[in-house]
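J.: The structure's right below; bear with me while I get my questions together.
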Amino acid sequence: MRKHIFNAGPCKLPMPVLEAASKSVLEFNGCGQSILEVSHRGKDFEAVIAEAGELMKELLGVPEGYHVLFLGGGASLEFAMIPMNFLRTKAYYLNTGTWATGALKEGQLYGMDKAIEIASSKDKDFTYIPKYGKHYQMPTEGDYYHITTNNTIRGSEIHEDYTCSIPLIADMSSDIMSRPVDVSKYHMIYGGAQKNIGPAGATFVILKDEMLQRIADRPIPTMMKYQIHVDKGSMNNTPPCYAIYVILETLRWLKGFGGVSEMYKYNQAKAEKLYNAIDNSKMFRGTVEKEDRSLMNIVFVLEEKYKAMEADFVKFAGERNIVGIKGHRSVGGFRASTYNACTLEDVDALVKAMQDFEVKNA
Ligand SMILES: *Cc1c(COP(=O)(O)O)cnc(C)c1O
């Protein structure tokens with residue numbers, strides 16, 4: 001029996017995607033070869049990567065003047081490539097959690113005075129998003145402003161597209177395609193595919209062409225140059241072909257679902273259900289400021305007097321086929337990742353488990 005999967009990443013994928021992906025492993029497109037065997041330079045794969053790029057643009061409404069890339073190395077490699085390519089004088093970073101800190105650290109390799117932490121929510125264990133105008137002023141000079149729109153581990157999310165007069169770069173690993181985004185407000189959006197649009201192994205990058213005029217004057221290894229990846233259409237070397245193919249199937253599924261705006265409504269419904277259950281419980285409570293709560297990673301803990309029962313709840317839920325709700329090792333408690341492929345039925349099962357556990361134990 002298929003489980004209720006709340007894994008934070010790699011994520012749950014829709015069954016039609018898994019079915020198409022498994023068929024293509026045996027034979028792709030009736031071409032007498034597996035998707036694992038076709039040449040990345042052949043027409044079959046070229047059609048795959050082209051359609052995946054087009055669907056990224058179509059589903060997100062990417063305007064003219066942007067490139068879509070599919071690369072290796074994960075979002076973590078982008079953390080390093082961004083300052084290597086774009087940090088010339090100084091850049092600003094908003095520190096909202098573990099991954100944001102990781103991105104900042106790679107920038108700081110060029111000097112603490114070059115990659116500046118403009119604000120941080122570390123003072124409250126990253127349970128809120130620092131607000132411009134209140135906690136800091138939007139940067140007005142510098143090479144770029146880096147933000148992490150969804151904090152996968154802590155469960156907070158930026159629910160608006162910032163207006164910034166310097167290039168805005170966003171790590172959207174865990175909320176890409178979960179809500180409509182005004183791409184024109186960003187110079188770069190990137191992330192690992194494995195949180196919401198596919199399997200592990202591929203990284204998506206949406207890069208404004210104008211950014212290529214702002215490349216830093218330093219030696220950059222070939223595979224770390226955005227210009228090369230743009231010039232070669234993500235094929236300077238063998239790209240993560242299979243991962244890109246599964247991204248394509250996931251994007252086709254999303255289009256069939258009604259696109260990002262329909263998905264956004266569904267994601268809101270799932271999150272509302274789960275947050276309501278948390279807020280109405282005597283046993284469980286949320287950790288993040290309500291206005292900053294993530295729609296994708298719902299983090300909650302047991303009230304102090306029930307703390308010892310954490311492992312019991314994970315086991316209780318496990319007996320009901322619910323997996324992936326243990327919180328990140330750095331935070332503890334629970335985290336339910338309600339990415340696009342997670343269904344209302346999955347959420348209902350979790351809510352019921354929470355309620356039954358409470359009846360039994362509170
Ligand atoms: C998972 C995650 C990363 C790291 O992604 P990798 O592809 O594993 O390198 C970076 N940022 C965010 C927001 C993430 O959720």
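The values are calculated or read from the model by the stated rules, or taken from the named source; none is laboratory data. All figures in this text were calculated on a predicted structure; none of them were measured in a lab. Please note: Cβ atoms are built from the backbone with ideal geometry, for glycine as well, and neighbour counts cover all protein chains shown. Note: areas computed on protein heavy atoms with side chains; ligands, DNA, RNA excluded. Shrake-Rupley method; radii C 1.70, N 1.55, O 1.52, S 1.80 Å.
J.: Enter the accessible area of residue 234 (Å², nearest 10), with the probe set to 1.4 Å and all protein chains included.
T.: 10 Å²
J.: Then there's this: Per residue, how much accessible area does the chain have with a 1.4 Å probe, in Å²?
T.: Working: 15210 Å² over 362 residues.
That works out to 42 Å² for each residue.
J.: With the cut-off at 19 Å, tell me which of the pairs 185/208; 134/290; 185/270 have Cα atoms farther apart than that. The partial results should precede the final answer.
T.: Details: 185/208 10 Å; 134/290 17 Å; 185/270 28 Å.
Cα-Cα > 19 Å for 185/270; rest within.
J.: Please give every one of the aspartates and glutamates within straight-line cross-link reach of residue 131, meaning a C-alpha to C-alpha distance under 15 Å, and leave out same-chain neighbours fewer than 8 residues apart.
T.: Residue 131 reaches 117, 123, 157, 160, 161, 289, 291, 292.
J.: So, one more: How high is the FRET efficiency from residue 108 to residue 3, r the C-beta distance, R0 45 Å, rounded to 0.05?
T.: Values: r = 41 Å, r/R0 = 0.90.
Using R0 = 45 Å, I get an efficiency of 0.65.
J.: Can you give the direction-averaged projected area of the convex hull of the alpha-carbon atoms in the chain, in nm²?
T.: Numbers: hull surface 73.3 nm².
The Cα convex hull of the chain, projected and averaged over all directions, gives 18.3 nm².
J.: Here's a follow-up. Treating only the Cβ of Lys, Arg, Asp and Glu as charged (+1, +1, -1, -1), what charge dipole size does the range 210-304 show about its Cα centre? Round to the nearest 20 debye. Could you put the intermediate results ahead of the total?
T.: Numbers: 13 positive and 12 negative charges, 58 e Å.
The dipole magnitude comes to about 280 debye.
J.: Roughly how many percent of the accessible protein surface of the chain is carbon and sulfur, given a 1.4 Å probe and a whole-percent answer? Write out the running numbers ahead of the final one.
T.: Numbers: 7760 of 15210 Å².
Heavy-atom surface of the chain belonging to carbon and sulfur, 1.4 Å probe: 51 percent.
J.: Output the relative contact order of the range 140-294, whole-number percent, from Cα pairs under 8 angstrom with separation of 6+ residues.
T.: Values: 189 pairs, mean separation 34.6, N = 155.
So the answer I get is 22 percent.
J.: Please compute the modelled spin-label separation between residue 285 and residue 125, points set 7 Å along Cα→Cβ, answer in nm with one decimal.
T.: In this crude label model, residue 125 to residue 285 measures out at 1.0 nm.
J.: While we're here: Quick one: which of 239-252, 279-292 comes out on top by average Cβ neighbours within 10 Å, and what's the full order, highest first? Write out the running numbers ahead of the final one.
T.: Working: 239-252: 23.3, 279-292: 16.3.
Ranking, from highest mean packing down: 239-252, 279-292.
J.: Please work out the Cα center distance from the range 49-101 to the range 289-356, rounded to the nearest Å.
T.: Taking the Cα centre of each part, the range 49-101 and the range 289-356 sit 30 Å apart.
J.: Follow-up. Assign unit charges at the C-beta atoms only (+1 for Lys and Arg, -1 for Asp and Glu), then state the dipole size of the range 15-257 relative to its Cα centre in Debye, rounded to the nearest 20. List each step's numbers first, then the result.
T.: On the way: 23 positive and 28 negative charges, 87 e Å.
Here the size comes out at about 420 debye.
J.: Right, something else. So if I place +1 on the C-beta of Lys and Arg and -1 on the C-beta of Asp and Glu, and nothing else carries charge, what would the dipole magnitude of the range 71-136 be about its Cα centre? I want it in debye, nearest 20.
T.: Values: 8 positive and 6 negative charges, 42 e Å.
I would put it at about 200 debye.
J.: Right, next: For the range 163-238, what does the alpha-carbon gyration tensor say about shape, rounded, prolate or oblate, given a ≥ b ≥ c as the root eigenvalues, a/c under 1.5 as rounded, and a/b over b/c as prolate? Can you show the working numbers first?
T.: Numbers: a/c = 2.32, a/b = 1.15, b/c = 2.01.
Verdict is oblate for the range 163-238.
J.: List the aspartates and glutamates whose Cα sits under 13 Å from the Cα of residue 352, skipping any in the same chain fewer than 8 residues away.
T.: 319
J.: How far apart, in nm, are the 7 Å Cα→Cβ label points at residue 31 and residue 184?
T.: Once both label points are built, they end up 3.7 nm from each other.
J.: Further, regarding this structure: Output needed: percent of Cα pairs per 10 Å distance bin for the range 8-78, bins running from 0 to the one holding the longest distance.
T.: P(r) over the range 8-78, rounded to whole percents: 16, 36, 40, 8.
J.: Determine which lysines satisfy two conditions relative to residue 307: a Cα distance under 16 Å, and not lying fewer than 8 residues away in the same chain.
T.: Candidates past the 8-residue exclusion: 282, 315, 326, 360.
J.: While we're looking at this one, here's another question. Just flag the GluC sites (Glu not before Pro) in the range 304-352 sitting in loop per DSSP whose Cβ has no more than 12 other Cβ atoms within 10 Å. Don't skip to the end; give the middle numbers.
T.: Details: sites: 304, 310, 319, 345; in loops: 319.
Those that pass, being in a loop and sparsely packed, are 319.
J.: Could you pull out which residues in the range 241-276 have an amide N less than 19 Å from a spot 7 Å beyond the Cα of residue 343, following the Cα-Cβ vector?
T.: Those under the cut-off are 250-259, 262-274.
J.: Of all trypsin sites (Lys or Arg not before Pro) in the range 1-79, which ones are in loop regions per DSSP and have a Cβ with at most 11 other Cβ atoms within 10 Å?
T.: 2, 41
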